[in-house]
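Student: Got a structure here, written out as structure tokens. Questions coming.
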Amino acid sequence: MKTDIFFAIEQLEKSKGIPKDKLKETIEAALLSAYRKNFKSSHKGVSVEVDSQTGEIKVFARKMIVDKLKDSTTEISWEEVQRLGLKGQVGDWVSIEVTPHDFGRVAAQTAKQVIMQRLREAERDLIYEEFVEKVGEVITGLVNRIEGKEIIIDLGRAEASLPPNEQVFAERYRIGGRMKFYIVEVRKSSKGPKIILSRTHPNLVKRLFELEVPEIQDGLVDIKAIAREPGVRSKVAVESRSEKVDPIGACIGNRGSRVKNITDELRGEKIDIIRWNNDPAVFITEALSPAKVIQVELNQDDNTAQVIVPENQLSLAIGKEGQNARLAARITGWRIDIKGKKEEEKELSV
């Protein structure tokens, strides 16, 4: 048993990254539980110590030195203290080794079960602490298996869940496929940390741009807002903090290389990069690109914007099934009513 525990401490520290001191405390607590159970000990002053170098196990009991012994569980006679060569006077407390001769044989199996449980809990805590700090970040994982409508993702040290509502309807999650995911939430559960991932979150797009564009990492370009219809199209509003840096050009990259890498990761999702502007009318014009806008009239009372576009730009401004107008409204925060120039002239002439 000594060898087994010594080996477990060394191997688990190396393979699972659990500190030796934490392992030692866990094992001592487990062995104390086994001792109490197998040797019917209710004495609260009992402790178990494991030598982390040799794996040797010793059980100690804290007892009071007395003239006349009444309870051998919690007391030790002065004569016995002298015989054992211990230091102390009557009324003092001393620690006495009480390791049973057959403690290793009797307690081994029980201790092993408790030890493994405690070690699993310790490892789960480490994994939880590792991933809870990564909430809001992007992580790469492998599609491991499909359980009903849930996709299980292998992150290396842990498994994570991609729930149905975080999946992009147009994407195919092939077993063994490598993808990037946004970490939405990490919470504790009876089976270990529950890590929730997303492929639909707007911040997935934001984090991918941060990874791909050095100017964003360096703080020269800010992503001010994102509107997304996952798997189909996103609009990303950017602003430069330097007159020397074009925010749109920085995000697109040489020959479109940077935005292409992001589009490829998002499995073909189209991305419109637009220039942020504090003037709502200008920003709405930018948001409706690639359509050309003639005029924007704002109604502050009900937060609506009436937009006039050339007749030949009307369908482009609205987009397929209203998508362009819908994303523009989301990213600007304004309700947008788009009309062609002829329609506007007709209404004015009535």
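Student: From (1) surrounded by 15 or more Cβ atoms within 10 Å (Cβ to Cβ); (2) part of a strand (DSSP E or B), pick out the condition that doesn't hold for residue 168.
Tutor: Looking at each condition in turn, residue 168 falls short on (2).
Student: Determine which member of the set 63, 40, 44 is out of contact with any Lys or Arg (no Cβ under 8 Å at 6 or more places or on another chain), among the basic types (Lys, Arg) and more than 30 Å from residue 117 (Cα to Cα).
Tutor: Sole residue among the options that is out of contact with any Lys or Arg (no Cβ under 8 Å at 6 or more places or on another chain), among the basic types (Lys, Arg) and more than 30 Å from residue 117 (Cα to Cα): 63.
Student: Is there a residue being buried (at least 20 other Cβ atoms within 10 Å of the Cβ), at negative phi and in a strand (DSSP E or B) anywhere in the range 261-272?
Tutor: yes
Student: Further question: For the structure I just gave you, tell me whether residue 168 is over 18 Å from the mean Cα position of the chain (by Cα), assigned by TED's automatic domain parsing to the domain that holds residue 189 and touching a residue at least 40 places away in the same chain (Cβ under 8 Å).
Tutor: Yes; evaluated as a whole, the condition is true for this residue.
Student: Is it the case that the range 146-155 has a residue that's assigned to a helix (DSSP H, G or I) and at pLDDT below 95?
Tutor: Within the range 146-155, none of the residues are assigned to a helix (DSSP H, G or I) and at pLDDT below 95.
Student: Which one of these does residue 126 not meet: (1) aliphatic (A, V, I, L, M); (2) farther than 27 Å from residue 27 by Cβ; (3) surrounded by 14 or more Cβ atoms within 10 Å (Cβ to Cβ)?
Tutor: It is condition (2) that residue 126 fails.
Student: Let me ask something additional. Among (1) within 18 Å of residue 223 (Cβ to Cβ); (2) outside any loop (DSSP other than H, G, I, E, B), where does residue 315 come up short?
Tutor: (1)
Student: Being modelled with pLDDT under 95, assigned to a loop (DSSP other than H, G, I, E, B) and either of a type in the set (A, V, I, L, M) or more than 18 Å from the chain's Cα centre (by Cα) (or both): is that true of residue 191 here?
Tutor: No: the conditions fail for residue 191.
Student: Does residue 87 fit the bill of being in the same structural domain as residue 23 (by TED's automatic domain parsing), at pLDDT 85 or above and assigned to a loop (DSSP other than H, G, I, E, B)?
Tutor: When the stated conditions are applied, residue 87 passes them.
Student: Can you pull out every residue in the range 156-172 that is under 17 Å from residue 230 (Cβ atoms), at pLDDT 95 or above and not hydrophobic (A, V, I, L, M, F, W, C)?
Tutor: If the condition is that a residue be under 17 Å from residue 230 (Cβ atoms), at pLDDT 95 or above and not hydrophobic (A, V, I, L, M, F, W, C), then 163, 164, 165, 166, 167 are the ones that fit.
Student: Further, regarding this structure: Among the residues that make up the range 281-301, is at least one of them of a type in the set (Lys, Arg) and assigned to a loop (DSSP other than H, G, I, E, B)?
Tutor: Looking for residues that are of a type in the set (Lys, Arg) and assigned to a loop (DSSP other than H, G, I, E, B), one finds at least one in the range 281-301, hence yes.
Student: Right, next: Would you mention how many residues in the range 171-202 are closer than 20 Å to residue 133 by Cβ and either aromatic (Phe, Trp, Tyr) or surrounded by 13 or more Cβ atoms within 10 Å (Cβ to Cβ) (or both)?
Tutor: Looking only at that region, the number is 15.
Student: While we're looking at this one, here's another question. Within the range 209-241, which residues are within 26 Å of the chain's Cα centre (by Cα), assigned to a strand (DSSP E or B) and small (Gly, Ala, Ser)?
Tutor: Scanning the range 209-241 gives 225, 227, 234.
Student: Restricting to the range 90-145, what's the tally of residues that are of a type in the set (S, T, N, Q) and part of a loop (DSSP other than H, G, I, E, B)?
Tutor: Of the residues in that region, 1 qualify.
Student: Identify, by number, the condition in (1) touching a Phe, Trp or Tyr at 6+ places or on another chain (Cβ under 9 Å); (2) part of a loop (DSSP other than H, G, I, E, B); (3) among the polar types (S, T, N, Q) that residue 73 doesn't meet.
Tutor: (1)
The values are calculated or read from the model by the stated rules, or taken from the named source; none is laboratory data. As the structure is a computational prediction, the values presented were derived from the model and not from experiment. Ideal geometry is used to build each Cβ from the backbone, glycine not excepted, and the neighbour counts take in all protein chains shown.
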